[in-house]
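Single-structure report; data block below.
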Amino acid sequence: MEFRKFDSDKDVTEFVLHNTELFEPDTQLTVSEIGDGNINFIYRVGQPGGDSVIVKQALPYVRIIGEGWPLSQDRVRIEAETLQYEGSHCPDLVPTVYHFDADLCAIVMEDIGQHENLRHALIARRRLPNLASDLGRFLADTLYHSSDLHLDSHAKKELVKSYINPDLCKITEELFFWDPYCDHERNSINPHLRPYAEQLWADDALKLEVYKLKRQFLCDAEALLHGDLHAGSVFASGSGTKVIDPEFAYVGPIGFDIGSILGNFLLNYAGQANLPGDLAERRDYQAWLLDSVETLWNTFAERFYIHMREKTQDPSFNNEIYRTWYLDKLFADTLGYAGTEMIRRTIGLAHVADIESIEDPQSRANSEKLALRIGCELIMARDQIIDVEALAQRIRRIS
Ligand SMILES: Nc1ncnc2c1ncn2[C@@H]1O[C@H](COP(=O)(O)OP(=O)(O)OP(=O)(O)O)[C@@H](O)[C@H]1O
Ligand SMILES: [Mg+2]
């Protein structure tokens, strides 16, 4: 069958009815398009007041731009296979994939709509008790089992091959590691922040460290990454956590995924300095965010360390000094990539509502300055910050 875009509600409902056994064949289903993503078409399909599923279809271009920004549809195969891979290790933490159709470039998956977008939850200062430990477990289990620590040499190379994702990687290479470090036309900069952006562009020592992180992003095929683990890719509720949208997945450096999500906790931390609401409440929430960063890293590190000690076939990991060196290296990479996430979300193309929703431009610039200060410090001091407690102390000192 040739690719075609779903062009009516009937088209979408028939796709669901023909390819899954979730509904009786003659069920009347309704379709609504969900418009808050940028790249693909997302439909909720279900019985009014009853069960529903999500259909995600990838067109050969970026949805909100159109044919002027072409993008390989292989991204949706990569997304479906990554969700299935992640689900094989953490079934409770990703939506179940019910069907993937390679011709129509479409996935039918579980509707996780009873959870809230994590970015909205953080802005509303909700405390989610399992969030940080769920994310630490997700990262430890998905990253360890797709790395050379776990896979034999041939299986690992097969993995690298099937997750070659050049179009999506190129977006990250440019938006994370290039645009924010020069006066690029794609950047979006609050006029009150402009002198600080100019200072950053002149900071050769910082740019040198970013070049090193970029080299590692390009060359270090360490484990299968989610590739776009920001707060909008996480959905959470009091009862659980779900990670969606791994269309940027490829085999890259482990610290990139951990750093991306930690950077998002810290962007919210910077936003809370000037978001509306009671000051004491915002400070308390900042303390909760730092606790969450500690829990996330500690959960990841403890689990990953146990996997290293007890599961790996690679005899190098019998050496305790090497195991510790490896984790320390992952921590330093994590801090570096958290820093690049914070900087690119402050002066690059795509900003975050945690800071962007601060209405007064001067107050917003104050949060943006804090995000830049933390981001630069994480990049420059990533080899000196010895553990996650020292990280929290340093962030408290900066702010
Ligand atoms: N499985 C799901 N269950 C419920 N809602 C979902 C699901 N998948 C996606 N959505 C909704 O659709 C929105 C966009 O989804 P997603 O981020 O996967 O799309 P995208 O086009 O890849 O967007 P982006 O621009 O973030 O890459 C999500 O923010 C969420 O509101
Ligand atoms: Mg996406």
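Here are the numbers:
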| quantity | calculated |
| --- | --- |
| Helix 166-177 vs. the chain, principal-axis angle (Cα, 0 to 90°, nearest 10) | 30 degrees |
| Sequence-separation-based contact order of the chain, relative, with Cα cut under 8 Å and 6+ spacing, percent | 17 percent |
| Dipole moment magnitude, nearest 20 debye, the stretch 116-398 about Cα centre, only Lys, Arg, Asp, Glu C-beta charged | 260 debye |
| In Å, descending, principal axis extents of the Cα set of the chain | 62, 57, 40 |
| Within straight-line cross-link reach of Lys5, lysines at Cα separation under 22 Å, skipping those fewer than 8 residues along the same chain | Lys56 |
| Dipole axis of the stretch 9-110 (+1 Lys, Arg; -1 Asp, Glu on Cβ), positive-most option in Phe23, Leu93, Gly66 | Gly66 |
| Centroid-to-centroid separation of the stretch 231-272 and the stretch 41-69 [C-alpha atoms, Å] | 22 Å |
| Between helix 320-347 and the chain: long-axis angle, C-alpha atoms, 0 to 90°, nearest 10 | 80 degrees |
| Residue-normalised accessible area of the stretch 116-398, expressed per residue, 1.4 Å probe, Å² | 40 Å² |
| Mean separation of Cα contacts under 8 Å (6+ apart) over length of the stretch 68-146, as relative contact order % | 27 percent |
| Rounded to 10°, Cα long-axis angle of helix 204-219 versus longest principal axis of the chain | 30 degrees |
| Per residue accessible area in Å² of the stretch 9-110, where ligands, DNA and RNA are left out and the probe is 1.4 Å | 47 Å² |
| Protein accessible area in the stretch 38-156, 1.4 Å probe - carbon and sulfur % | 50 percent |
| Rounded accessible area of Tyr98 (nearest 10 Å², 1.4 Å probe) | 90 Å² |
| Convex hull volume of the stretch 1-118 per residue (C-alpha atoms, cubic angstrom) | 119 Å³ |
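The values are calculated or read from the model by the stated rules, or taken from the named source; none is laboratory data. Since the model is a prediction, treat every value here as computed from it, not as a measurement. We place every Cβ from the backbone using ideal geometry, glycine too, and count neighbours over all the protein chains shown. Surface accessibility is based on the protein's heavy atoms, side chains included, excluding ligands, DNA and RNA. Shrake-Rupley method; radii C 1.70, N 1.55, O 1.52, S 1.80 Å.
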